[in-house]
1. Return the loop-located trypsin sites (Lys or Arg not before Pro) in segment A:230-262 (DSSP other than H, G, I, E, B) with at most 13 other Cβ atoms within 10 Å of their own Cβ; answer none if there are none.
2. Could you identify which residue out of A:18, A:101, A:146 has the top mean-square fluctuation in a GNM of chain A using Cα springs shorter than 10 Å?
3. When DSSP assigns beta bridges and you keep just the ones with both residues in segment B:8-77, what percent turn out antiparallel, to the nearest 5?
4. Using only DSSP helix segments of four residues or longer, with each worth -39500 (n - 2.57), what per-residue ellipticity at 222 nm results for chain A after dividing by its residue count and rounding to 500?
5. Cut-off is 10 Å between beta-carbons; in what order do A:231, A:161 appear when sorted fewest neighbours first?
6. Give the residue list of trypsin sites (Lys or Arg not before Pro) in segment A:130-175 that are DSSP loop and have at most 15 other beta-carbon atoms within 10 angstrom.
7. Looking at chain A as a GNM with Cα springs under 10 Å, which of A:71, A:159, A:189 has the largest mean-square fluctuation?
8. Over all Cα pairs of segment A:16-237, how is the pair count split among 5 Å bins, expressed in % and running from 0 up to the last occupied bin?
Amino acid sequence: MAFSNEQIERYSRHIILKEVGVKGQKKLLNSSVLIIGAGGLGAPAAMYLAAAGVGTIGIADADEVDLSNLQRQIIHSTNDVGKAKVLSAKETMEAINPDVKVNTYRTFVASDNIMDLIKDYDFIIDGTDNFPAKFLINDACVMAKKPFSHAGIIRFQGQLMTYVPGEGPCYRCVFKDPPPKDAVPTCKQAGVIGAMGGVIGSLQAMEAVKYLLGAGDLLVGYLLTYDALKMEFRKIKLPKKVKSCAVCGEHPTVTELIDYEQAECDGVL
Amino acid sequence: MAEYKIDDHVDITDVVCPVTFVKAKIAIEELETGQILSVHMNGGEPVQNVPRSMKEEGHKVLKLNKNDDGTFDLIVEKGEE
């Protein structure tokens, strides 16, 4: 496949990079990423991946665009209020880059659909806003041997880590189980600063692109936390392997996917 | 130019920075190590930047010929990948 003149110009700033070049850009065009959640994290991640020319992007979300989403979910516009988020996201991505094929899944992930959703994708981005979905995505990716980027944001704080099968700890190695129902304030009560999704979701897109290119070092075996008020990033080293992990340890007890009960949540992410 | 066996030519006189280098880079990525590319370019910015960028990418600049019409031909040998 030779680049068209338009592609040469569109991807020129990538092609110039030694770590990308022609081969890298072709790799991106032949790659696929699934973004779960078209919200605060998924919005910037989807836009950067589309702009980068990731050839196939899947986006899963059952919600519709709400006016209260627009303070942070920059893939949606005022005119999109009431529209399915996946459709609004698809339109924005296609407007950014017609090279990209967008697959939409208007559903929340659950134990009965996630394996099917992730199976054809090279990399998964967890842009969800609740613990049941985060554990589900982790367990499914461990079982299906899929790399993924975990992230979470609340108030002025964000965190992320990358899982690559066989190369480092999974989300459950670090966080074990969902917190008790009232331990963490619901998203609706807590609030989140709009640009936090931009910072952390963009880092997720960066991890996906690096994974697809095979460039540099991924955030595997580390948790990166960001405190916007203190303007502090911390890169916390994690254990290489947690033998007692219930899903990826030596004697896994989580052998089937679990639908944890979901706390009432307005979907801050 | 007769002293080199040119394996491929690329004309970058129809584009401006940074697409000048991008077109040259795309052309040289198609070649094998040791093969030789001739890059036809305008004077000025491309002459200043394209040979330097080629060197930074690990290729060997063999020669820069100035033509009568003010254009240049850069002869580059592809380096190791």
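1. Working: sites: A:230, A:234, A:235, A:237, A:240, A:241, A:243; in loops: A:230, A:240, A:241, A:243.
Of the trypsin sites (Lys or Arg not before Pro), the ones in loops of segment A:230-262 whose Cβ has at most 13 other Cβ atoms within 10 Å are A:230, A:240, A:243.
2. Top of the fluctuation ranking is A:18.
3. Numbers: 12 of 16 bridges.
Antiparallel: roughly 75 percent of the beta bridges in segment B:8-77.
4. Values: 10 runs with 90 residues, N = 269.
Calculated from helices alone, the mean residue ellipticity at 222 nm is -9500 deg cm²/dmol.
5. A:231, A:161
6. Values: sites: A:134, A:145, A:155, A:172; in loops: A:145.
Filter output for segment A:130-175: A:145.
7. A:189
8. Taking all Cα pairs of segment A:16-237, the binned fractions are 1, 7, 15, 20, 22, 18, 11, 5, 1, 0, 0 percent.
No lab work stands behind these numbers, since they all come straight from the coordinates. Nothing here was measured: the structure is a model prediction, and the numbers come from that model. Every residue, glycine as well, gets a Cβ built from its backbone with ideal geometry; the counts of neighbours run over all protein chains shown.
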